[in-house]
Amino acid sequence: MERKELICICCPMGCALTAEIENGEVCRVTGNTCPRGDAYGRKEVTNPTRIVTSVVPVRGGTSGMVSVKTASDIPKGKIMECMNALRGIQAAAPVRIGDMIAENIADTGVDVIATKNVDVLQRRCGG
Amino acid sequence: MKKELVIIGGGPAGLAAAIAAKENGVNEILILERDHELGGILNQCIHNGFGLHTFQEELTGPEYAARFIEKAERLGIEYKLNTMALSITKDRKVTAVSAKEGMFEIEADALILSMGCRERPRGALQIPGYRPAGIYSAGTAQKLVNIEGYMPGREVVILGSGDIGLIMARRMALEGAKVKVVAELMPYSGGLKRNIVQCLSDFDIPLRLNTTVVDIAGKERVEGVTLASVDEKGRPIAGTEEYIPCDTLLLSVGLIPENELSKGIGVALNHVTKGPVVNERMETSVEGVYACGNVLHVHDLVDFVSEEAACAGRYAAEYLAEKRSGISEREVSRIPVIAGYGVRYTVPSSVSVDRMEELLTVRFRVKDVRRNCFISVYADNKRLVHIKRPVMAPGEMEKVMLKKKELQAYKTADSVTVKIEEAED
């Protein structure tokens, strides 16, 4: 049996987990103080995932950039691919939290959505 | 201009305080915010992990801020953006300035200080060398990348492993920079454990403990830094120097509450937190002036800022209600709350058994990493609380609850002491 030491990242507690692995499958997780730790331990060994956050430029808005995130977690191995796919993408004001910014990013089946409201910049006319 | 309550700073603390005050019957509230939007530092904290305690879901900084901003808007709380409070007086007159309105004065019946904190700059660090471009505080770099959309450099060394340093290590790596190392003077990281996993381990960024920067090379632009190991007193050890080429040095070396306004009216400050001394009502040493959030003591988690600030808002509302109904400030006797063995500080610093609620949260930090120890609270020599904790670290704020019914018998105690006790074998 193989053991893998992990630190749970589900919350700030940061529990020290031990995952016991048999035949490539997690048979037991110990050290967790809640059910989320158990689920994290199993997933982290077999298919680690992360939420990716970044920013993209926004045209005509009160801010020049709008913050974005993957709508759910994506495989850890896809993080840089996701970042590359975001390069070159622009949003246009107005943007509301939850608006789709990029569909099916890096073929993960997950969309990238806005995490900030950006209003249209009202340009004042002279005279 | 007259207001019942003026709140200085529209970040997470100011927003939560304003909402709680409004919900507790204060009508005329004004938030002064010097940025062009509400939300404070959350606007540049685009990473996720906020709100697990408050909303039971994981939000990014801007999303967390938006929840509070929308609520404040719904409640009709007034705020002024691009407006800087210049000074306050003991009788709660606020002088502020904005490009739109010029300089103006507001008379307030109560004030809440929620100005947040500032990063400790390079100047506070005694690193020799020239002053080349390419040295940034981590928060400045965060603003450049996340708000302005500029990358401050390509090859990065980070000094300090507090949460902002860790978060920026990942952020720079995501944007294609090579983050060569995070150096930490202390034998432990100052950041949350989960940030070490998802910001450093995920990106194969090494963390070097007991290490500092002893020299910065480059005259126009940073060309490299020299790292050295330090002894137990934090002094560099000769012969351990290692030169690391880089074009950028980020400093994440601590946050300091920004209390210039508080000092102006003689608010008593705690020399450990550098924030105001407050009682169980979040009230400073000046009557009617309250403090909450990072201006009071630097937090790790915004959820606890919101919680603490809501208390300040509620107590300010109570104070205003008492004032309206003609109740003058009663003579209240308070017991000092003392940071005992292993504890750096406590917030609050005093408690009135009569005026406290059924439960009082006392927040504190431990002095160093502790395993299998107890958090104990004593009223004089009587132990009231004794809770086992598997691990405690200075980087993670702790709390302990005091019960009114337990303290009733100790109204005349000389002190209430929070301390760490070793497990008895």
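Yes/no per residue for (1) touching a helix residue (DSSP H, G or I) at 6+ places or on another chain (Cβ under 9 Å); (2) at positive phi; (3) not in a helix (DSSP H, G or I):
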position: B:ALA65; (1), (2), (3): yes, no, no
position: B:ILE69; (1), (2), (3): yes, no, no
position: B:GLU73; (1), (2), (3): no, no, no
position: B:GLY76; (1), (2), (3): yes, yes, yes
position: B:TYR79; (1), (2), (3): yes, no, yes
position: B:ASP91; (1), (2), (3): no, no, yes
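On the stretch given as the range B:65-92, residues that are of a type outside the set (Phe, Trp, Tyr), more than 10 Å from chain A (Cβ to nearest Cβ) and over 22 Å from B:GLU260 (Cβ atoms) total 8.
Taken as a whole, the condition of being touching an Asp or Glu at 6+ places or on another chain (Cβ under 6 Å) and either under 21 Å from A:LEU6 (Cβ atoms) or among the β-branched types (Val, Ile, Thr) (or both) does not apply to B:VAL213.
Within the range B:94-104, is there a residue that is outside the structural domain of B:ARG194 (by TED's automatic domain parsing), of a type in the set (Gly, Ala, Ser) and modelled with pLDDT under 95?
Yes - at least one qualifying residue is present in the range B:94-104.
Look through the range B:145-204, keep the residues that are of a type in the set (Val, Ile, Thr) and either in a loop (DSSP other than H, G, I, E, B) or within 12 Å of another protein chain (Cβ to nearest Cβ) (or both), and return whichever of them is nearest to B:THR248 (Cα to Cα). Per the stated criteria, the residue is B:VAL145. Consider the range B:31-64 and keep the residues that are under 20 Å from B:TYR79 (Cα atoms) and of a type in the set (Val, Ile, Thr). The one that is farthest from the other protein chains (Cβ to nearest Cβ) is B:ILE31.
Per-residue answers, yes or no, for (1) within 24 Å of the chain's Cα centre (by Cα); (2) within 14 Å of another protein chain (Cβ to nearest Cβ); (3) within 30 Å of A:CYS8 (Cα to Cα); (4) among the small types (Gly, Ala, Ser):
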| site | (1), (2), (3), (4) |
| --- | --- |
| B:GLY224 | no, no, no, yes |
| B:GLU242 | no, no, no, no |
| B:SER252 | yes, no, yes, yes |
| B:VAL267 | yes, no, no, no |
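Count of the range B:352-376 residues, restricted to those that are within 17 Å of B:PRO336 (Cβ to Cβ) and in a loop (DSSP other than H, G, I, E, B), is 5. The set of residues in the range B:57-101 that are closer than 23 Å to A:ALA114 by Cβ and among the hydrophobic types (A, V, I, L, M, F, W, C) comprises B:LEU59, B:ALA65, B:ALA66, B:PHE68, B:ILE69, B:ALA72, B:LEU81.
Before we move on, is B:ASN381 surrounded by fewer than 14 Cβ atoms within 10 Å (Cβ to Cβ) and either within 14 Å of another protein chain (Cβ to nearest Cβ) or of a type in the set (Ser, Thr, Tyr) (or both)?
Judged against the criteria, B:ASN381 is not a match.
Residues of the range A:79-112 being β-branched (Val, Ile, Thr) and crowded, with 18+ Cβ neighbours inside 10 Å, which ones? The answer is A:ILE79, A:VAL95, A:ILE97, A:ILE101, A:ILE105, A:THR108, A:VAL110, A:VAL112.
Is one or more of the residues making up the range A:39-59 away from every other protein chain (no Cβ under 12 Å), surrounded by fewer than 20 Cβ atoms within 10 Å (Cβ to Cβ) and hydrophobic (A, V, I, L, M, F, W, C)?
Residues of the range A:39-59 that are away from every other protein chain (no Cβ under 12 Å), as a first pass: A:39, A:41-43, A:45-47, A:59.
Now narrow it down to the ones that are surrounded by fewer than 20 Cβ atoms within 10 Å (Cβ to Cβ): A:39, A:42-43, A:45-47, A:59.
Still in the running and hydrophobic (A, V, I, L, M, F, W, C): A:39, A:45.
Yes: the range A:39-59 contains one or more residues that are away from every other protein chain (no Cβ under 12 Å), surrounded by fewer than 20 Cβ atoms within 10 Å (Cβ to Cβ) and hydrophobic (A, V, I, L, M, F, W, C).
Please indicate, with yes or no, whether at least one residue in the range A:9-27 is more than 8 Å from every other protein chain (Cβ to nearest Cβ), touching a residue at least 12 places away in the same chain (Cβ under 8 Å), crowded, with 21+ Cβ neighbours inside 10 Å and part of a loop (DSSP other than H, G, I, E, B). Yes: the range A:9-27 contains one or more residues that are more than 8 Å from every other protein chain (Cβ to nearest Cβ), touching a residue at least 12 places away in the same chain (Cβ under 8 Å), crowded, with 21+ Cβ neighbours inside 10 Å and part of a loop (DSSP other than H, G, I, E, B). Of the residues making up the range B:35-90, those that are buried (at least 21 other Cβ atoms within 10 Å of the Cβ) and touching a Cys at 6+ places or on another chain (Cβ under 6 Å) number 1. Every residue in the range B:377-419 that is more than 17 Å from B:ARG365 (Cβ to Cβ) and assigned to a loop (DSSP other than H, G, I, E, B), please. Result: B:ASP380, B:ASN381, B:LYS411, B:THR412, B:ALA413, B:ASP414, B:SER415. Among the residues of the range B:93-115, those that are surrounded by fewer than 18 Cβ atoms within 10 Å (Cβ to Cβ) and part of a strand (DSSP E or B) comprise B:LYS93, B:THR95, B:VAL97, B:SER98, B:GLY102, B:MET103, B:PHE104, B:GLU105, B:GLU107.
Screening A:SER72 on (1) of a type in the set (S, T, N, Q); (2) surrounded by 14 or more Cβ atoms within 10 Å (Cβ to Cβ); (3) within 14 Å of chain B (Cβ to nearest Cβ) shows it passes everything except condition (2). The set of residues from the range A:54-108 being of a type in the set (D, E, K, R), part of a helix (DSSP H, G or I) and more than 16 Å from B:HIS47 (Cβ to Cβ) comprises A:LYS78, A:GLU81, A:ASP107.
Identify the residue in the range B:41-52 that is of a type outside the set (S, T, N, Q) and under 25 Å from B:GLU258 (Cβ atoms) and, among all such residues, is modelled with the lowest pLDDT. Spell out how you get there, then give the answer.
In the first step, residues of the range B:41-52 are kept if they are of a type outside the set (S, T, N, Q); the result is B:41-42, B:45-47, B:49-52.
Those left that are additionally under 25 Å from B:GLU258 (Cβ atoms): B:41-42, B:45-47, B:49-51.
Values: B:ILE41: 97, B:LEU42: 98, B:CYS45: 98, B:ILE46: 98, B:HIS47: 97, B:GLY49: 90, B:PHE50: 94, B:GLY51: 93.
Among residues in the range B:41-52 that are of a type outside the set (S, T, N, Q) and under 25 Å from B:GLU258 (Cβ atoms), the one modelled with the lowest pLDDT is B:GLY49.
Scan the range B:256-282 and report the pairs whose first residue is at pLDDT below 95 and whose second residue is small (Gly, Ala, Ser), with Cβ atoms within less than 7 Å and a gap of 6+ or a chain change. That search, which allows pairs on different chains as well, returns B:GLY264/B:SER87. Considering the range B:116-144, the residues that are in a helix (DSSP H, G or I) and more than 14 Å from chain A (Cβ to nearest Cβ) include one that is nearest to B:PRO206 (Cα to Cα), namely B:ALA138. Do we find a residue being without any contact (Cβ under 8 Å) to a residue 60 or more places away in the chain, buried (at least 19 other Cβ atoms within 10 Å of the Cβ), more than 14 Å from chain A (Cβ to nearest Cβ) and over 28 Å from B:GLY10 (Cα atoms) anywhere in the range B:342-364? Yes, because at least one residue in the range B:342-364 is without any contact (Cβ under 8 Å) to a residue 60 or more places away in the chain, buried (at least 19 other Cβ atoms within 10 Å of the Cβ), more than 14 Å from chain A (Cβ to nearest Cβ) and over 28 Å from B:GLY10 (Cα atoms).
Within the range B:224-263, the set of residues being of a type in the set (A, V, I, L, M) and in a strand (DSSP E or B) comprises B:VAL225, B:LEU227, B:ALA228, B:VAL230, B:ILE244, B:LEU249, B:LEU250, B:LEU251, B:LEU255, B:ILE256.
The values are calculated or read from the model by the stated rules, or taken from the named source; none is laboratory data. Everything numeric here is computed off the predicted structure, so don't read it as measured data. Glycine also receives a Cβ, built like all others from the backbone with ideal geometry; neighbour counts cover every protein chain displayed.
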